[in-house]
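What follows is one structure encoded as structure tokens, with my remarks underneath.
Here, each number is a calculation from the coordinates, and none is a lab measurement. None of the values given here were measured: they were computed from a predicted structure. As a convention, Cβ positions derive from the backbone with ideal geometry for all residues, glycine included, and neighbour counts pool all protein chains shown.
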Amino acid sequence: MPCMSATDSSRPDFRPDPVRLAIFVATAAAGVWLYSHYGTDSATASEGRSIFGWVATHWRAMPDDFRTNWAMLGMCALAVWLDRARLAKAPVRASWGGTAVVALSLLLHFVGYRSQLPRLSLASTATGIWGLAWATWGWQVARILAFPAAYMLLCFTNSLFVEVTMPLRLLASKLAVALLQGVGISAVNRGTVVLSAAGGGFTFDVADACSGLRSLVTMTALAAPYAWYTLSGPWRRAALFALSVPLAMVANALRIFTLGVVAEWIGMKLAMQLYHDLSGYIVFFISLLLLIAAGSLLNQDWKAKLCALRQKKRPPG
């Protein structure tokens, strides 16, 4: 049996065209310099001008809420690595469409820089990298890189969830009170405070740390790759990702509800000490199971199942 040569068609050549690679690296390096020296002008005294330094500072400022973002960047690199064989086989052709995306990304960065909206500039880094790959290697490569680029965009923009912290707190407290009343526990909410309506019972505030922001960031971060790699079809993937938002909100409301139940039946001290920390893990595990169950339901071929059911009900002959 002859030995397999380096040009055997059964094994893709993973070595990119050196000229295109050099163009990509040089352009990307210029972009890194631009975003490092002229990335943001919102807080140069404390954070400098680098957009990368700006986002790192904000992630460190809220480590419990955005600690998964560092792993999300690693997931982007892993997604590219997992698709390396497809990338090697994809036809290569320079595209003006990618150049247009790069130009629009630079325009978005300019708007963000001049209006002191760093998140706009940060979003443009993800679209700019994707557009640069599209311009250098073509649309087929860009299609394969669509998920890691979109996931990077999510990583850089999910800090916008901070803006809805107060509405999340209010919603969680209202849902928790509705659930408590549903099991016969008299409870009311005063803004973000959940308290026993009977008097002398539990009283606790749904603080920023309990707003559900952490669950929302983590659930969307997990739902995106799970939907992409386990579901088929864009609408199924989009539906499961969209479901991660209400699932995170319901999970947080369930946590507050169970805190109220434990406080009412056992005592406020146990609820706010031991169970307060344990409940976060329990409820989050349940929400993950619900996400997996929703993905399994979405992945079913319901049209084929419905046709098979009709065939069974149809009388013979």
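Please list 3J(HN,Hα) in residue order for region 83-99, calculated via the Karplus relation 6.51 cos²θ - 1.76 cosθ + 1.60 where θ = phi - 60°; whole Hz, with x for glycine and proline.
9, 5, 5, 5, 5, 5, 8, 5, x, 9, 7, 4, 9, 6, x, x, 4
Working from Cα positions, state the angle (0 to 90°, nearest 10) between the long axis of helix 18-37 and the longest principal axis of the chain.
50 degrees
Which shape class applies to region 18-144: rounded if a/c is under 1.5, otherwise prolate when a/b exceeds b/c and oblate if not, where a ≥ b ≥ c are the square roots of the Cα gyration tensor eigenvalues?
oblate
Can you sort C307, C76, C155 from fewest to most other Cβ atoms within 10 Å of each residue's own Cβ?
C307, C76, C155
Taking only Cα atoms, what is the 0 to 90° angle, nearest 10, from helix 302-313's long axis to the longest principal axis of the chain?
70 degrees
Rg to Rh for region 94-213: what is it, with Cα atoms only and Rh by Kirkwood?
Result for region 94-213 is an Rg/Rh of 1.30.
With +1 on each Lys and Arg Cβ and -1 on each Asp and Glu Cβ, how big is the dipole of region 18-144 about its Cα centre, in debye rounded to the nearest 20?
460 debye
Give the order of S232, S105 when sorted by the count of other beta carbons within 10 angstrom, beginning with the fewest.
So the ranking, lowest neighbour count to highest, is S232, S105.
Considering the dipole of region 234-317 built from charges on the beta carbon (Lys and Arg +1, Asp and Glu -1) around the Cα centre, which of W265, N299, L243 is farthest to its positive end?
With unit charges placed on the Cβ atoms, the residue in question is N299.
Fewest to most neighbouring Cβ within 10 Å: what's the order for M219, M152?
Sorted ascending by nearby Cβ count, the order is M152, M219.
Got the relative contact order for the chain handy, in percent, Cα pairs under 8 Å and 6 or more residues apart?
Taking the mean separation of contacting Cα pairs over the length of the chain, I get 13 percent.
Rg over Rh of region 164-304, using C-alpha atoms and the Kirkwood radius, what does it come to?
Ratio of gyration radius to Kirkwood radius for region 164-304: 1.06.
On C-alpha positions alone, give me the angle between the axis of helix 118-137 and the longest principal axis of the chain, in degrees, nearest 10.
40 degrees
Please report, in debye to the nearest 20, how large the charge dipole of region 208-317 is about its Cα centre when each Lys and Arg carries +1 at its beta carbon and each Asp and Glu carries -1 there.
The calculation lands at about 860 debye.
Round to a whole angstrom and tell me the spacing of the C-alpha centers of region 266-290 and region 217-258.
20 Å
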